[in-house]
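The values are calculated or read from the model by the stated rules, or taken from the named source; none is laboratory data. Note that the structure is predicted; figures quoted are calculated from it, not measured. Counting neighbours? That spans all protein chains shown, and the Cβs are built from the backbone with ideal geometry, glycine included.
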Amino acid sequence: MRKFYQSVRLRVFSTIARRAAIAGVVAVAAIGLARPASAPAGQAVIGLDPSFYAQGPRLKAENGMVILWAPTAKGSPDSQIQVFDSEGRETMSLNLLESLPEAKNVVISDVSVSPGGTVAVGAQVFTKKDRGKSKLLLLDSAGHLYNSIAFDTGLGVVKLEVDDDQNIWVLRLGAGMGDPAKIPVLAKYDRDGNLTDEFLHFSDFTKDAQIVHGGLALGGDVCMGVTQARVWFWMPSSRELVTVFRDGSGLQRVSTGLPAWPGASPAGGTVRARSCGGTVRARSCGGMDPDGMVCQVSFVPKASDGRKATTALYQFRSDTRDWQPMQPASLAEHPGLFLGVDQGKAVFASFEPENHSIAVDSVTLGQ
């Protein structure tokens with residue numbers, strides 16, 4: 001088990017109008033970003049567009065950056081995507097409607113930014129002429145759209161990552177009404193948007209074939225990431241961890257089950273949703289080489305038993321194929337939303353309603 005040291009904190013403050021801030025408190029608090037009042041003061045102040053808080057922003061940490069985006073851009077004059085460095089300085093601000101003049105609305109599922117500045121966006125693009133098309137949008141470091149790839153089959157993009165070689169890895173949302181045997185689960189594109197490889201098909205994931213989000217009630221959220229050596233993803237319905245080397249070799253599938261819950265079963269056991277009087281759900285995950293997956297788990301008890309919802313952080317060891325609570329306990333029970341593992345650090349985000357802010361904590365993982 002790893003030891004942990006060196007906590008770096010970044011506070012992101014909103015300077016928006018009070019009405020939008022109140023709406024943001026409701027939206028962001030709903031996704032579990034509560035934070036103790038005793039949290040240390042942050043190191044940076046960033047003003048965010050009102051639409052981010054009005055909708056409830058999505059967050060991601062990768063390549064030493066913090067990415068925030070508004071889920072939808074319908075009629076908004078504000079930036080839909082903002083990128084900040086580790087010191088809290090804004091390095092990029094994008095309004096996708098400006099890049100897509102025919103679009104009346106853009107709904108974003110995921111965003112990834114490479115160290116070289118390539119921006120990949122998974123989106124549903126709506127125009128006056130259609131009911132929406134699933135697309136992979138590619139932009140350069142200046143925010144200029146240089147390729148728009150439409151998906152004619154399947155349900156579009158659920159997760160994506162751009163690695164440091166500028167390759168774009170796309171995890172598809174599901175087969176929808178299409179043939180699961182013909183729709184790839186994972187696809188690899190080069191920087192220019194050329195398809196270079198495909199991995200598995202939804203016929204290999206029968207529980208996830210129609211729509212991956214159907215797994216939310218059966219285990220948790222879809223997760224994906226890129227490490228120095230591998231690309232990985234985790235399906236909530238099948239509860240499988242899939243890894244592949246970045247050169248396309250060494251595809252591996254490992255059944256993970258769900259993490260054990262403290263006090264709910266013997267150590268090392270697996271807790272099923274119905275066996276512990278509540279729901280066990282994987283909220284978010286991160287990946288590490290060579291130790292497998294780190295996952296933040298929520299336990300939501302039955303409303304009638306009076307217990308509170310709680311969270312904990314677990315590590316799935318690929319070699320032993322079991323779950324272990326992360327140590328120390330202060331890390332395992334961190335109150336923030338786990339954003340993943342980035343550059344050897346576990347990254348958390350916590351909303352501070354009294355300051356209309358988001359605090360991002362990076363905890364270095366060491367041997």
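In region 137-194, which residues are under 17 Å from I108 (Cβ atoms) and of a type in the set (G, A, S)?
Those that are under 17 Å from I108 (Cβ atoms) and of a type in the set (G, A, S): G143, S148, A150, G156.
Looking at F245, F205, which one is closer than 29 Å to N63 by Cβ, out of contact with any helix residue (DSSP H, G or I) (no Cβ under 6 Å at 6 or more places or on another chain), among the aromatic types (F, W, Y) and modelled with pLDDT of 90 or more? It would help to see each step written out before you state the result.
Working: F205 fails: modelled with pLDDT of 90 or more.
The match here is F245.
How do the strands (runs of 3 or more DSSP E) wholly within region 291-347 filter down when requiring 3 or more residues that are over 16 Å from the mean Cα position of the chain (by Cα) and either of a type in the set (F, W, Y) or under 20 Å from S255 (Cα atoms) (or both): which remain?
Hits in region 291-347: 310-317, 322-325.
Which of the residues belonging to region 338-367 are at pLDDT below 80 and of a type in the set (F, W, Y)?
Within region 338-367, F351 is the sole residue that qualifies.
Let me confirm something: among D140, D130, D78, which residue is within 18 Å of V170 (Cα to Cα), surrounded by fewer than 21 Cβ atoms within 10 Å (Cβ to Cβ) and among the acidic types (D, E)?
After ruling out the rest, the residue left standing is D140.
I'd like to check which strands (runs of 3 or more DSSP E) are fully inside region 29-131 and have at least 1 residues that are of a type in the set (D, E) and modelled with pLDDT of 90 or more. Quick ask: steps written out before the conclusion?
Working: elements: 58-62, 65-69, 81-84, 90-94, 103-113, 119-127.
By residue number, 58-62, 103-113.
So G250 ticks every box in (1) modelled with pLDDT of 75 or more; (2) in a loop (DSSP other than H, G, I, E, B); (3) touching a Cys at 6+ places or on another chain (Cβ under 6 Å) but one. Which box is left unticked?
The number of the failed condition is (3).
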